Structures are given as C-alpha cells and as structure tokens.
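The structure appears below as structure tokens.
Here, each number is a calculation from the coordinates, and none is a lab measurement. The structure displayed is predicted, hence computed values, not measured ones. Don't worry about glycine lacking a Cβ; one is built from the backbone with ideal geometry, like all the others, and counts go over all protein chains shown.
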Amino acid sequence: MTIHRYLTLAPLVLLAACGTSADPGATLDTVRMTEQAEVEAIASDDIDGVMRVYAEDAVLVSPNAAPAKGATAIRAAFTEMLADPSLAVELTPGPGWAATSGDLAVTTATLRFASTPEGADAPTTMTVANTTTWRKANGAPWQIVADYNAAVP
C-alpha cells in the first residue's frame, strides 16, 4: 500500500475520533430525574406532564390491558388511570444503563399502584415490574419509546 492510500484514509480516522461520548452515570441520573417528574405528574393528575415524556410513537404495555400504541392511545390509558381518585403510585428504582452515545437509556423499577378497580368497593394494591426504554433525539428532552409493565405476584 502506498503512502497516498494511507493519506486518503487519514481524514476518516480523524472523523471517527471526533465522536462524542457521554458519561453513562450522568445520563442515567438525568433520565431518573425525568422518570421522577413523570411519577410526580401522575400524583398530581397532570396528564400533560405525563405525556411530556412519551414519544409520539411510544408503546405502553400495562397489566390487564391491551398495549397502547402511540401518544393518543397512551393519553387515553393515562386519562382513565388518573380519573381514579384513589390512585397512588410509588416507584422504587432498579438497575439501569445508558449508552455512551448519550441518546439511549433503559431503566427498571418496581411500582406499587393503589387503585379502585371498576366495580370494587375499596382500593387494591398491585406491584408491577417496569422496564422503560428512553431516547434522546437531536437535543430534544428524554422521551419514553417503550414502557413495559408486568404484574408481580
């Protein structure tokens, strides 16, 4: 290989070295703060605050319900949930990770929901295992793209 071929490749090597790297720990802290803001929005019956963290194409999977695909369906699911005056949510964060690219993160949590199911006389409590996939695109705030919740016995 001649020196000219090496010189042709040099700009590509330099461009690759210019990539940015985010601190995964700091990224995860930011995502966790966003997650806590969502829980606070639920606690205050703030549907717009809840929806602020969901991407337009997000998917929400909840126990005992069909998956809600897209912001309109997710808004409807949360509107129904927030209509329950006995609703209470407690989040206990679990492990999570964030990509060094700074644009993708996954969090896990255990959620305890107190609510009154339709037709019930008193509130019941359900424990849910949660895994949430977060995306940050083009300088936009962190948004949920997939929110999976499974009931825990």
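Among Asp121, Asp103, the ranking by other beta carbons within 10 Å of each residue's beta carbon, starting with the fewest, stands as Asp121, Asp103.
Going from the residue with the fewest nearby Cβ atoms within 10 Å to the one with the most, Ser62, Ser101, Ser115, Ser21 rank Ser21, Ser101, Ser115, Ser62. A simple spin-label model places pseudo-atoms 7 Å from Cα toward Cβ; at Tyr148 and Thr125 they are separated by 2.7 nm.
Were the residues from Asp46 through Asp29 laid out at 0.36 nm apart, the gain over their Cα-Cα distance would be 3.8 nm.
Normalised by 2.2 N^0.38 Å, where N counts its residues, the alpha-carbon radius of gyration of the chain equals 1.38.
Label point of Arg135 set 7 angstrom out along Cα-Cβ; within region 80-115, amide nitrogens under 15 Å from it belong to 99, 102-106.
Extending 7 Å from the Cα toward the beta-carbon at both Ser86 and Thr72 defines two label points whose distance is 3.3 nm.
For region 43-120, the extents of the C-alpha atoms along the principal axes are 47, 27, 24 Å, listed from largest to smallest.
Within a 10 angstrom radius of the beta carbon, how do Trp134, Trp142 rank from fewest other beta carbons to most?
In increasing order of surrounding Cβ atoms, one gets Trp142, Trp134.
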